[in-house]
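A.B. asks: Below is one structure. I have some questions about it.
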Amino acid sequence: MKCKIKKGDAVIVTTGKDKGKEGVILSVVKKKGCEKQGLRVIVEGVNMVKKHEKPNPQKENPGGIREREASLSISNVAIFNKTTGKRDRVGLKMLEDGRKVRIFKSTGEMIDV
């Protein structure tokens, strides 16, 4: 399955406890053995969880409770169109020189320039 959302895209969360929050995709993760669930994304500042870490003097880690982003299913985020200020769908378009670029379905603007 080809993913239409990539690292660095501005997205908006469509479902869950963080519905309506905006952020930038930090990474796209494919979990081992999860063919049915598909891809997951880590969005900056969204789906924050607390992680308990043991102290490790060899790595100069004091330990404690840290907050970090957890992954979301890619179906729970939509790409954010800054010109309209709303979420949007992504389409693909072939240019005359043979390149394939992503476009916003509502306006036809190119995402990849």
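The values are calculated or read from the model by the stated rules, or taken from the named source; none is laboratory data. Since we're looking at a predicted model, the values are computed, not measured. The protein model used for the area step is the full one, side chains on, heavy atoms only, and it has no ligands, DNA or RNA in it. Shrake-Rupley method; radii C 1.70, N 1.55, O 1.52, S 1.80 Å.
A.B. asks: Could you name the aspartates and glutamates whose alpha carbon sits less than 18 Å from that of K50, not counting residues in the same chain fewer than 8 places away?
C.D. replies: D18, E67, E69
A.B. asks: Contour minus end-to-end for R68 and E22, with contour as 0.36 nm per residue of separation and end-to-end as the Cα-Cα distance? Numbers along the way, then the final one.
C.D. replies: Values: separation 46, 0.36 × 46 = 16.56 nm, distance 1.62 nm.
Gain on extension, R68 to E22, equals 14.9 nm.
A.B. asks: Which order do K93, K82 take when ranked by solvent-accessible area (1.4 Å probe, heavy atoms of all protein chains), largest first?
C.D. replies: K82, K93
A.B. asks: Please compute the per residue accessible area over the chain with all protein chains in place, 1.4 Å probe, rounded to a whole number of Å².
C.D. replies: Working: 8240 Å² over 113 residues.
The answer is 73 Å² per residue.
A.B. asks: Give me Rg/Rg_expected for the chain, where Rg uses Cα atoms only and Rg_expected = 2.2 N^0.38 Å with N residues.
C.D. replies: Computed over Cα atoms of the chain, the ratio equals 1.31.
A.B. asks: Tally up the carbon and sulfur contribution to the accessible surface of the chain as a whole percent, 1.4 Å probe, everything protein left in place.
C.D. replies: Answer for the chain is 50 percent, counting heavy atoms of protein chains only.
A.B. asks: Here is the link list: K30/K93; K7/K54; K17/K51. Which ones come out longer than 28 Å on Cα distance?
C.D. replies: Violating the 28 Å limit, Cα to Cα: K7/K54.
A.B. asks: Tell me the relative contact order for the chain as a rounded percent, counting alpha carbon contacts under 8 Å between residues six or more apart.
C.D. replies: It rounds to 20 percent for the chain.
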